[in-house]
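Trainee: Below is a structure I'd like to ask you about.
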Amino acid sequence: MERTRIVLIDMAPLLRDIVREAIRREPDLDIVAEHDEIDVRSAVELDDPDFIIVGEDAAAQQDVRNIVGARRGLRALEVQSDGRDSVLYELRPHRISLGEVSSDTLVRAIRAVPTWDTKT
């Protein structure tokens, strides 16, 4: 089974706990690192993830869209600290609003087939 490597970046503690718990139950998903107050680009270079989940503060300071666009295969989920809104980034300029975050929404976003992998 291929595992998805996930890095959590600059998230509110309660939201991080919720995300961690949702991912922990999934056998094909691995949180390989968690960072606070780190440059998103540096975290991606350091940990080589398949998927990043970024708190809104870190996302506001960085252009997550460009980071995702510069690294083929990387996807990102930006989550507001209250969990009421989230945005999935794939290849530039593809962006999908997902609305309120739930465990199900989180897991479906991580597992979704990236647009560059779809076969027509």
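The values are calculated or read from the model by the stated rules, or taken from the named source; none is laboratory data. The shown structure was predicted, so the numbers you read here are calculated from the model rather than taken from an experiment. Positions of Cβ are generated from backbone atoms using ideal geometry, with glycine treated the same way; all protein chains shown enter the neighbour counts. The area values use the complete protein model at the heavy-atom level, side chains included, leaving out ligands, DNA and RNA. Shrake-Rupley method; radii C 1.70, N 1.55, O 1.52, S 1.80 Å.
Trainee: Under the rule of at least 5 residues apart or a separate chain, name every residue whose amide H is placed under 5 Å from the amide H of residue 11.
Mentor: 55
Trainee: OK, next. I'd like the carbon and sulfur percentage of the solvent accessible area for region 1-89, probe radius 1.4 Å, heavy atoms only, ligands and nucleic acids excluded.
Mentor: Carbon plus sulfur share of accessible area: 41 percent.
Trainee: Another one. Among 42, 31, 15, which residue has its Cα positioned farthest towards the positive end of the charge dipole of region 12-52, with +1 placed on the Cβ of Lys and Arg, -1 on the Cβ of Asp and Glu, and the dipole taken about the Cα centre?
Mentor: About the Cα centre, the residue reaching furthest to the positive side is 15.
Trainee: Let me ask something else about it. Could you list which residues have their amide H under 5 Å from that of residue 29, counting only those 5 or more apart in sequence or on another chain, with H placed in the peptide plane?
Mentor: When sequence neighbours closer than 5 places are left aside, the close amide H contacts are 4.
Trainee: Right, here's the next one. Is the shape of region 22-73 rounded, prolate or oblate, going by the alpha carbon gyration tensor and its root eigenvalues a ≥ b ≥ c, with a/c under 1.5 for rounded and a/b larger than b/c for prolate?
Mentor: In terms of gyration-tensor shape, prolate.
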